[in-house]
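Note sheet for the following structure.
The values are calculated or read from the model by the stated rules, or taken from the named source; none is laboratory data. If you're wondering where the values come from, they're calculated on a predicted model, not measured in any experiment. Methodologically, a virtual Cβ is constructed for each residue, glycine included, from the backbone with ideal geometry; neighbour enumeration extends over all protein chains shown.
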Number of protein chains: 2
Amino acid sequence: MSTTPDSAVRAYIQDHRAAFLDDLVEWLRIPSVSADPAHAGDVRRSAEWLAAKLAETGFPVTEVWETGTETTAPSSALPEETPATPATPAIPATPPAPPAPAVFAEWPSGDPDAPTVLVYGHHDVQPAAREDGWATDPFEPVVRDGRLHARGAADDKGQVFFHTLGVRAHLAATGRTAPAVNLKLLIEGEEESGSPNFPALLRERADRLGCDAVIVSDTGMWSEDTPTVCTGMRGLTDCQIDLYGPDQDIHSGSFGGAVPNPATEAARLAGALHDGDHRVAIPGFYDGVIELTDRERELFAELPFDEAAWLRTAHSYATLGEAGHSTLERIWARPTAEVNGIGGGYQGPGGKTIVPSTAQLKLSFRLVAGMETEKVQQAVRDWVAARLPAGIRHEITFGGATRPCLTPLDHPALQSVVRAMGRAFGQPIRFTREGGSGPAADLQDVLGAPVLFLGISVPSDGWHAPNEKVELDLLMKGVETAAYLWGDLAENGRTAA
Amino acid sequence: MSTTPDSAVRAYIQDHRAAFLDDLVEWLRIPSVSADPAHAGDVRRSAEWLAAKLAETGFPVTEVWETGTETTAPSSALPEETPATPATPAIPATPPAPPAPAVFAEWPSGDPDAPTVLVYGHHDVQPAAREDGWATDPFEPVVRDGRLHARGAADDKGQVFFHTLGVRAHLAATGRTAPAVNLKLLIEGEEESGSPNFPALLRERADRLGCDAVIVSDTGMWSEDTPTVCTGMRGLTDCQIDLYGPDQDIHSGSFGGAVPNPATEAARLAGALHDGDHRVAIPGFYDGVIELTDRERELFAELPFDEAAWLRTAHSYATLGEAGHSTLERIWARPTAEVNGIGGGYQGPGGKTIVPSTAQLKLSFRLVAGMETEKVQQAVRDWVAARLPAGIRHEITFGGATRPCLTPLDHPALQSVVRAMGRAFGQPIRFTREGGSGPAADLQDVLGAPVLFLGISVPSDGWHAPNEKVELDLLMKGVETAAYLWGDLAENGRTAA
């Protein structure tokens, strides 16, 4: 069935591994933190670096695409303000992340019957600072024990980058001068900021992005020993809630106990997010949720889940979550509400007996198939407004939303991915879902193409955490899978599309 | 009845007002922030400055007293740790404020029958920074519209300092070379840190501090137009609760909803501090509380309370507090729980989809007569331990505790204070209580003397807040009251003691 001799692929990869890693390290040195406006220049530099590298790889078309060019921002990104409260000194809401450029590249097959495949990933990264607990500078990559440590090593620069060597190995092993499929790459720069401009970008550029299948390389596998293909991702929407009480900090002895305290109210909100069963207590939150079937619950239960090992990976000491669901169900198939940050009042050394003037809450919500982000956002707005007492003014600012998505287990293109991975890993491929979020649903909706997931990251890679890393051996399996995949999809592309 | 011609007192004060204010400004320039270890040197400098100034005033004995010299710290100051949880990387608790020196001064009357009076105040101040909302540098005093603005202007340097000119006016108007009473001053340096070492200092130095009455100048009056004498203060105990969840921040998509989140748990604690009636919901918290009598509630209700004006002073937009009690009852005679600070997770710009590793809560509790600080602290410890789920480790660190106190309305020495104020203000003196806290109960307990309150601050002075100020006219009434008080107490001292 194979059109490429596997040994030729492996030999090519071995020969080019060192140069490939040198290039990846250079890219990881660019701190492309999209959430922080101070790093806007670095995000742009990251895009330009990647475009140049893809041109060097052989892509005849490479372009840096600006985002956020629509004249009207999405309404959900505007701060909301409750009316009919007294004016207070303006405290600016956290500014949204500035629009960040995406990278597009295209390499036509030359075969008029070849299917077209679009690879999706992102070149921006989460914030990281040495003092967060990194053993080394997060933007000065180091290899220790076969692992490459750097912010973005796994999420997502490493997984984007394996496609560059992958396509070269595909060409070298098949003797082709162009890929067996019409290959397109779209690598965005705002994924870690919730992809606020990505749906608009997809709509604007839909004619350039048309494809028969989307390959998303921004997910993970079960473990080093159990390679898996992901079949779905959760959606995400997040918000910042700013609470304003007294116009300034006031003495807790003179006034405390007699006026509302915004830090207390922030805590009351966050403390009421979940009920006693750890279900999200916002009315309407679960509306539309597609519940797991018994068969899906069985498949989850069959995976070799070791709670103690999982807890170690989570750096945690106990599980806690929605009653009536297993840990895998909670993180893959159930919607959640999380307090990402809370702050208010005095946080310095010692004590300060005040009623603080302001408090702030950062919440995020993971969504599953059947939930609508707009409805969830409205439910949150209504819930917040209904719970705050007179004398507390509030603003809610939502970041961009990412919809959930699911791929059918028996989809033919998914079977191509499974075969290519099986050749690279030499063992059966199982199925998982991904608790994290990406703009997969937007790709599916706007481009009208099935979305498949090819990711080689493992849970211990520490996405969003200090000391993020990628396993070098798995990274090379990703290269190898990509090298096999285009031929398989070209053979099976017509049924896959 | 008067032994000093009031006009002579007023003339003396008028002649020395400018020099008095120059000296006060010099003292206010010293940022004696006791809560912040970085200012330990400034607190010491403040003590030394005051001791030198009191010597210059004429006190034959002036001493700087070290505190915190006992070998065993109070047990309540030690961090508590819940047992039987896994070890995590040590995150140091907020260090307690370093011991800060007090100032003692003594000026014997020379009359063997004279009563002995001890004036209490403090020379340390709350933290303050320009960016908190100060119109000018908090430690560069400025006079605007008859008000002296600076951190400590009212709380408490201004109110300590009026005794220096007061005693000089007393001497000038009576022709005496020593005060009519044996006058002692004890000005501590840790009041804004909860006076952790003050009870020990009182016990160690009880022989030097012996007196027939204590005058506390660290309270306020009803308003500029309604001079009042305070008859009691609330007590205070505060704590920091550190919560530890995952050993590091973890990805909310990969792990969120399946492990406990310390920011959520901090919010659940703070959010559960009060029940639906805004009563403190900690079991046992109200044990022993001496409820207000109907007569006391009537006296409170007779004061010219203007809720709208009070709210302006509170910089707040609504009242909120314990059901079944008026605002004055809530701030003067009811115990409270306040969230002074809360922090956890990501508080920077934009979003960060994490389950945070740690969170922190700073709570303070105001206590009223009948409550025991140790029992309250234990109730808080028990409540916290009972509410946290497995997988969340916690530490509670209590700051120093201050007990509540009350003075009987008909006490003879209190009547001396009322008469002296009446002469200075030229109008009837009413009675209030103080919602804030000071070590009055310790003075009463250790020294076995009645505690009286002489304060000229008004609610708009902004204690602990940006732009703190003292009204210069009221400050001079304080000077005048002090000038009359010693003669009145010498006449009535025997019945007062």
Sole exception among (1) touching a strand residue (DSSP E or B) at 6+ places or on another chain (Cβ under 7 Å); (2) more than 14 Å from chain A (Cβ to nearest Cβ); (3) in a loop (DSSP other than H, G, I, E, B) for residue B:214, by number: (3)
When every residue in the range B:316-328 that is free of Cβ contacts under 8 Å to residues at least 40 places away in the same chain and over 19 Å from the mean Cα position of the chain (by Cα) is compared, the one surrounded by the fewest Cβ atoms within 10 Å (Cβ to Cβ) is B:318
How many residues, within the range A:150-188, are among the charged types (D, E, K, R) and closer than 23 Å to residue A:460 by Cβ? 4
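Does residue A:300 satisfy being of a type outside the set (Lys, Arg), buried (at least 19 other Cβ atoms within 10 Å of the Cβ) and assigned to a strand (DSSP E or B)?
Judged against the criteria, residue A:300 is not a match.
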Single residue of the range B:378-412 satisfying the filter (within 19 Å of the chain's Cα centre (by Cα) and outside any loop (DSSP other than H, G, I, E, B)) that is farthest from residue B:289 (Cα to Cα): B:398
Within the range B:238-246, does at least one residue satisfy the condition of being part of a loop (DSSP other than H, G, I, E, B) and among the charged types (D, E, K, R)? no
Qualifying position, being at the interface with another protein chain (Cβ under 7 Å from one of its Cβ atoms), surrounded by fewer than 24 Cβ atoms within 10 Å (Cβ to Cβ) and charged (D, E, K, R), among B:247, B:242, B:225, B:238: B:247
Do we find that residue A:387 is modelled with pLDDT of 95 or more, more than 26 Å from residue A:305 (Cβ to Cβ) and either in the same structural domain as residue A:286 (by TED's automatic domain parsing) or not charged (D, E, K, R) (or both) in this structure? yes
In the range B:252-263, what residues are facing chain A (nearest Cβ under 7 Å), touching a residue at least 60 places away in the same chain (Cβ under 8 Å) and crowded, with 24+ Cβ neighbours inside 10 Å? B:252, B:253, B:255, B:256, B:259, B:261, B:263
Can you find a residue that is within 7 Å of chain A (Cβ to nearest Cβ), in contact with a helix residue (DSSP H, G or I) (Cβ under 6 Å, 6 or more places away or on another chain) and in a loop (DSSP other than H, G, I, E, B) anywhere in the range B:336-349? no
Which of the residues that make up the range A:135-190 are among the basic types (Lys, Arg) and within 22 Å of residue A:472 (Cα to Cα)? A:144, A:147, A:151, A:157, A:168
When you scan the range B:125-141, do you find a residue that is within 22 Å of residue A:253 (Cβ to Cβ), of a type outside the set (Phe, Trp, Tyr) and free of Cβ contacts under 8 Å to residues at least 12 places away in the same chain, even just one? yes
Over the range B:394-413, the set of residues farther than 30 Å from residue B:362 by Cβ, modelled with pLDDT under 90 and buried (at least 21 other Cβ atoms within 10 Å of the Cβ) is B:407
Among strands (runs of 3 or more DSSP E) lying entirely in the range B:101-193, which contain 2 or more residues that are touching a helix residue (DSSP H, G or I) at 6+ places or on another chain (Cβ under 7 Å) and small (Gly, Ala, Ser)? B:102-107
Hits in the range B:314-335 - residues which are within 8 Å of another protein chain (Cβ to nearest Cβ), assigned to a helix (DSSP H, G or I) and touching a helix residue (DSSP H, G or I) at 6+ places or on another chain (Cβ under 8 Å): B:327
Residues of the range A:433-480 being more than 14 Å from chain B (Cβ to nearest Cβ), farther than 24 Å from residue A:299 by Cα and of a type in the set (Gly, Ala, Ser), which ones? A:448, A:449, A:478
